[in-house]
Amino acid sequence: MKIFETHAHLDFPQFDKDREQLIKKCFNSGIEYMINIGVDEKTCNNSIKLAEKYDQIYAAVGFHPHDATDFKAEFIRRKAQHSKVVAIGEIGLDYYRNLSPKDVQQKVFEEQIKIALESDLPIVVHDRDAHEDCYEILSRNNAEKVVFHCFSGDELFAQKVLEKGWLISFTGTITFKNSSLENTIRLVPNDKFFVETDSPYLSPHPQRGKRNSPLNLQYIIEKISEIKGTTPKKIAENSYLNALNFFNLSK
Ligand code: NI
């Protein structure tokens with residue numbers, strides 16, 4: 001079974017003790033590619049370093065809405081040119097925590113969408129309690145290659161996202177007992193989704209509460225296959241091919 005980890009933060013300090021061993025274990029367990037995602041200047045640099053070290057790791061660069069007040073446009077524009085950078089992200093809006101003022105989040109999100117379009121790179125969106133504004137800003141800028149990472153909307157919003165031709169990405173939250181994503185999983189077409197762990201966060205059930213790692217992708221894949229009434233192998237394969245295509249890695 002070929003697996004694609006589309007969203008991890010393996011440069012974070014939670015992995016300082018065993019990063020190399022864990023990455024090796026991932027590649028020995030069927031994971032073929034991983035995208036390491038930046039959230040600020042330091043983590044973008046570290047994501048690129050990881051991508052330079054491992055052939056099968058690629059990087060995404062962007063300023064997370066939490067860090068929007070520190071945004072450096074020239075830095076992102078320059079890093080977007082790096083040969084192992086395959087996306088701009090994670091960028092977006094977070095009205096749940098509002099760690100940066102809303103107007104700054106919106107402005108920085110829009111500026112980074114423009115950089116993605118200039119650089120011809122796909123966009124990895126972080127949307128927390130900000131569905132309509134994310135949708136509106138992306139639409140207004142005619143963004144086409146977009147994924148809603150850790151999708152948290154309802155079915156109606158999922159429909160709106162899919163009508164745009166955008167993708168939906170699922171994390172371990174779909175395995176939680178209080179998950180309301182079952183209908184969204186059922187309705188998402190086979191060519192419009194992929195899986196991610198968002199490690200070190202969001203460990204799926206039954207690993208909840210522990211540090212997450214890409215090795216837990218199997219729980220997410222299994223959950224989707226149960227809901228869609230198909231095999232884990234088929235779900236892993238769809239997700240893999242969709243990610244390959246989204247991040248422009250199908251050579
Ligand atoms: Ni993340």
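The values are calculated or read from the model by the stated rules, or taken from the named source; none is laboratory data. Just so we're clear, the structure is a prediction, and the values are computed from it rather than from any experiment. In this analysis, Cβ positions are derived from the backbone assuming ideal geometry, glycine residues included, and neighbour counts consider all displayed protein chains. Only protein heavy atoms, including side chains, enter the accessible area calculation; ligands, DNA and RNA are left aside. Shrake-Rupley method; radii C 1.70, N 1.55, O 1.52, S 1.80 Å.
Summary table below
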{"quantity": "Single match in 108, 39, 61 (criterion: more than 16 Å from the ligand (Cβ to nearest atom) and under 19 Å from the mean Cα position of the chain (by Cα))", "calculated": "108"}
{"quantity": "Filter result (open to solvent by 50 Å² or more (accessible area, probe 1.4 Å) and either within 15 Å of the ligand (Cβ to nearest atom) or touching a helix residue (DSSP H, G or I) at 6+ places or on another chain (Cβ under 9 Å) (or both)) within region 67-78", "calculated": "69, 70, 72, 77"}
{"quantity": "Residue 17 being surrounded by fewer than 16 Cβ atoms within 10 Å (Cβ to Cβ), of a type in the set (D, E, K, R), over 25 Å from residue 145 (Cα atoms) and out of contact with any helix residue (DSSP H, G or I) (no Cβ under 9 Å at 6 or more places or on another chain)", "calculated": "yes"}
{"quantity": "Residue within region 210-218 that is open to solvent by less than 70 Å² (accessible area, probe 1.4 Å), touching a Cys at 6+ places or on another chain (Cβ under 7 Å), not in a loop (DSSP other than H, G, I, E, B) and not aliphatic (A, V, I, L, M) present", "calculated": "yes"}
{"quantity": "Hits in region 47-66 (condition: part of a helix (DSSP H, G or I) and open to solvent by less than 40 Å² (accessible area, probe 1.4 Å))", "calculated": "47, 48, 50, 51, 65"}
{"quantity": "Matching residues, region 131-158, being free of Cβ contacts under 8 Å to residues at least 24 places away in the same chain and either outside any helix (DSSP H, G or I) or open to solvent by less than 70 Å² (accessible area, probe 1.4 Å) (or both)", "calculated": "144, 148"}
{"quantity": "First in region 19-41 and part of a helix (DSSP H, G or I), second anywhere and of a type in the set (Ser, Thr, Tyr), Cβ under 9 Å, 6 or more apart", "calculated": "22/213; 23/54; 25/213; 26/213; 27/54"}
{"quantity": "Residue check, residue 82 farther than 25 Å from residue 213 by Cα, touching a strand residue (DSSP E or B) at 6+ places or on another chain (Cβ under 9 Å) and open to solvent by 10 Å² or more (accessible area, probe 1.4 Å)", "calculated": "yes"}
{"quantity": "Residue within region 118-125 that is touching a Cys at 6+ places or on another chain (Cβ under 7 Å), within 18 Å of residue 169 (Cβ to Cβ), within 15 Å of the ligand (Cβ to nearest atom) and without any contact (Cβ under 8 Å) to a residue 60 or more places away in the chain present", "calculated": "yes"}
{"quantity": "Verdict on residue 191 being acidic (Asp, Glu), within 23 Å of residue 43 (Cβ to Cβ) and either at pLDDT 95 or above or surrounded by fewer than 16 Cβ atoms within 10 Å (Cβ to Cβ) (or both)", "calculated": "no"}
{"quantity": "Neighbours by Cβ (under 6 Å, 6+ apart or cross-chain): first from region 91-108, surrounded by 15 or more Cβ atoms within 10 Å (Cβ to Cβ); second among the aliphatic types (A, V, I, L, M) and outside any helix (DSSP H, G or I)", "calculated": "92/125; 93/130; 95/130; 105/93"}
{"quantity": "Flag if residue 44 is touching a residue at least 12 places away in the same chain (Cβ under 8 Å), in contact with a Leu (Cβ under 7 Å, 6 or more places away or on another chain) and open to solvent by less than 10 Å² (accessible area, probe 1.4 Å)", "calculated": "no"}
